[in-house]
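> Before I ask anything, let me first share the structure, which is written out below as structure tokens.
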Amino acid sequence: MTDKLRLNILYTEIGRGHPFYLDGICDEIRTQYSSHIELNILDVFGLSRGVPLLLWKLVRHFYKKGSQGGFWGRLYAYVRGQHRPCHLGIIEKILARPIRNYLRNNSSPTVVAHPLLVPMISDIVDVYYQHGEISVPAISLVSGAKMIYAPLEETSHKFTEYGLPADRVVATGLCIEKFLVDSAELNFNDRLLRLNSGENLIGGFFSSGAEPIAHIEKMVKALGSLRKNGQMGLIFCRSKGEFESAIIRQFQAKVFETATDEGKILEEIRSNKILIFSHSDRQIENRNTQALFKYLDYFMSPSHERSNWALGLGIPMIILHPLIGPFSSINRSILLEANVAEEIISDDEADCFYEKLGLMSKSGKLLLMAKNGYGKYRIDGFKIIGNLLNKKICKN
């Protein structure tokens, strides 16, 4: 028999953002509180069978199609826009059935990072909802959670304005990978020196998990502009995915699965200009990010969960268009207002990215964007959430 207190962590495993936020909580609990908290890792696909499993697979398929933009993106946005955050329709009730059956016999406190799960289970277990994004679209305004963890005061206010009691919403600080938090000050100071020096810059290029074709095409064009002019880019992408294939096809770039040999990597960057670091799971992606982040002077990405980097780590962001999904457009507005980001809207802008980057560098805008994105917000959100969960569980 174990005397440990059990904490359920319920994943959807759809996309990257929501699972990424739960990964950070799990890492914090394992590191700091494993002596008395046992994590029970669950996901909706593992719990489901039959019709509910088929429906969850359809949800995942619809997400992937919708995340491509275009007709499917508009349809996806419409369907999500029709969903009321605290209401369960027939489909949601079927999706929820196996999860509820499991939790009735395993009714430990349960952490989720997807708003759809909150109304499914909040009447049978204590639900702790982690809202990791800085934006709060209407679909996220759930009310059944025992506690909601939001990154910023501005984010938490959206929930209290919706009618939730203030004592059930906590602003935790930005949820950023611990390995980036630990090296944040050193990386920021080194980046400022490089941005001030006028030397060639190194950019990081990240797609969303769904790898929308429109985003890939813009990044390929931007990288072509950089390479032609002697600038460097590191690509972080899914192994055997569309992004990797497009870069290999266009540039015959080398593919690395791990970034462990620092000297070799630096030599390869300087000689080849464009390198691919591919991953087959989030753990490998994290290891590559940890090894290479210190070399990045800016990054290009959709305005999803990596928006936290621009607001908290002092690294300028280039936002990819089209804006896809309910979070992206709100995140984009917050980033531009904070003056930590620029954007690539058209293919023509992507074709001229080297010139755009050069103007931003010479004018001091890149440097200002970096400075605007450091020191304003707490960046140890995962640490705060771990501590709060520990206190709640032990108290109960």
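Rule-based calculations on the coordinates, nothing more; no lab input. Not measured: the values here are computed from a predicted model. Cβ: placed from backbone, ideal geometry, glycine included. Neighbour counts: every protein chain shown.
> Within 10 Å of each candidate Cβ there may be at most 13 other Cβ atoms; applying that plus a DSSP loop requirement, which chymotrypsin sites (Phe, Trp or Tyr not before Pro) in region 269-363 survive?
none
> Can you give the alpha-carbon Rg of the chain over 2.2 N^0.38 Å, where N counts its residues?
0.99
> Next up: How would you rank 314-323, 146-155, highest first, on the average number of other Cβ atoms within 10 Å across their residues?
Averaged packing, sorted descending, gives the order 314-323, 146-155.
> Moving on. For a test of the definition: using alpha carbon positions, the gyration tensor, and the 1.5 limit on a/c, classify region 178-372 as rounded, prolate or oblate.
rounded
> Quick check: pseudo-label points 7 Å beyond the Cα along Cα→Cβ at residue 368 and residue 343, how many nm apart are they?
For residue 368 paired with residue 343, the spin-label model returns 1.9 nm.
> Under a Cβ-Cβ cut-off of 10 Å, what is the net charge of the residues other than residue 350 that fall near it, where Lys and Arg count +1 and Asp and Glu count -1?
Overall, the nearby charge balance is -2.
> Follow-up. Output the peptides 170-176, 213-219 sorted from most to least packed, where packing is the average of other Cβ atoms within 10 Å over each peptide's residues.
Result, highest mean first: 170-176, 213-219.
> Turning to a different aspect of this structure: What are the aspartates and glutamates whose alpha-carbon lies under 16 Å from the alpha-carbon of residue 146, with same-chain residues fewer than 8 places away excluded?
123, 126, 167
> Sort 196-206, 46-56 for me by packing, meaning the mean count of neighbouring Cβ atoms within 10 Å per residue, highest on top.
196-206, 46-56
> Let me ask something else. In terms of modelled amide H atoms, which long-range or inter-chain residues lie less than 5 Å from the amide H of residue 5?
Amide H neighbours of residue 5: 37, 38.
> Helix 50-66 versus the longest principal axis of the chain: what angle, 0 to 90°, nearest 10, using Cα atoms?
Approximately 30 degrees, to the nearest ten.
> At residue 108 and residue 290, where each label point lies 7 Å from the Cα along Cα→Cβ, what is the point-to-point distance in nanometres?
2.4 nm
> Still on this structure: Please report the net charge: other residues with Cβ closer than 15 Å to the Cβ of residue 152, K and R +1, D and E -1.
My count for the surroundings of residue 152 gives -4.
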